[in-house]
Amino acid sequence: MLDMSEYRLGIEELDRDHAELIGLIQRLDAAIRMEQGHEVQTEAIDTLVAYVDRHFGAESRLMSDYGFPSDQTEIHEAEHARLLNRVKRWQHERQTPGRRRRLTFDIAAFLNAWVYHHVAGSDVTLASFLRSKGMT
Ligand SMILES: [Fe+2]
Ligand SMILES: [Fe+2]
């Protein structure tokens, strides 16, 4: 299970977003484990996708406002785009009966791994840059 204390970056806005993001992943995870209805699981995924989309937009704005180097911005945004495309594809594929359960398990496992790698990797780099520019 993801633990928010492992992902503190020292930038209030990002830490708040990531705590919310982890909460939404845990909600999706619980909806799958407790075998809640299709609507509940769909709602959990839809809410998560909308939140991820908004959070990535917020990070892009920070990168541009604080002058994060363009080559690093490109790499960071490509990681965001890969995640978003993948989850959106799953979101769409879940409409296919018989694929739902398997896909939903995959989504939760993928998101847990992704948060670990991206937040503990690329977001840490971004946060140190922002802190060096005086953001808290
Ligand atoms: Fe992030
Ligand atoms: Fe990020």
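Of all residues in the range 110-136, those satisfying the criterion of being out of contact with any helix residue (DSSP H, G or I) (no Cβ under 9 Å at 6 or more places or on another chain) and away from ligand 1 (no atom under 14 Å from the Cβ) are Ala113, Arg131, Ser132, Lys133, Gly134. Within the range 98-136, the set of residues being within 16 Å of ligand 2 (Cβ to nearest atom), outside any helix (DSSP H, G or I) and either surrounded by 15 or more Cβ atoms within 10 Å (Cβ to Cβ) or in contact (Cβ under 8 Å) with a residue 24 or more places away in the chain (or both) comprises Ala120, Met135. The residue pairs whose first member lies in the range 77-93 and is farther than 15 Å from Asp106 by Cβ, whose second member is surrounded by 14 or more Cβ atoms within 10 Å (Cβ to Cβ) and among the small types (Gly, Ala, Ser), and whose beta carbons are closer than 7 Å, counting only pairs six or more residues apart or on different chains, are Glu77/Ser60; Glu79/Ser122.
For the range 89-136, give me each residue that is among the small types (Gly, Ala, Ser) and touching a Leu at 6+ places or on another chain (Cβ under 6 Å).
Ala108, Ala127
Taken together, the residues in the range 94-119 that are more than 12 Å from the chain's Cα centre (by Cα) and at pLDDT 85 or above amount to 1.
The numbered conditions (1) under 23 Å from Ala19 (Cβ atoms); (2) in a loop (DSSP other than H, G, I, E, B) are all true for Gln95 except (1). Screening Leu28, Leu62 for residues that are touching a Leu at 6+ places or on another chain (Cβ under 9 Å) and closer than 21 Å to Tyr116 by Cβ leaves exactly one candidate, Leu28. For residues in the range 55-93 being touching a Phe, Trp or Tyr at 6+ places or on another chain (Cβ under 7 Å) and buried (at least 16 other Cβ atoms within 10 Å of the Cβ), which is farthest from Glu39 (Cα to Cα)? Only one residue fits best here, namely Phe68.
Checking each residue in the range 17-74 for being in contact with an Asp or Glu (Cβ under 8 Å, 6 or more places away or on another chain) and either more than 16 Å from ligand 2 (Cβ to nearest atom) or not in a helix (DSSP H, G or I) (or both) picks out no residue at all. Against the conditions (1) within 20 Å of Ser122 (Cβ to Cβ); (2) of a type outside the set (S, T, N, Q); (3) over 17 Å from the mean Cα position of the chain (by Cα), Ile75 satisfies every one except (3).
The values are calculated or read from the model by the stated rules, or taken from the named source; none is laboratory data. Since this is a predicted model, take the numbers as computed values, not measurements. So basically every Cβ, Gly included, is an ideal-geometry build from the backbone, and we count neighbours across all protein chains shown.
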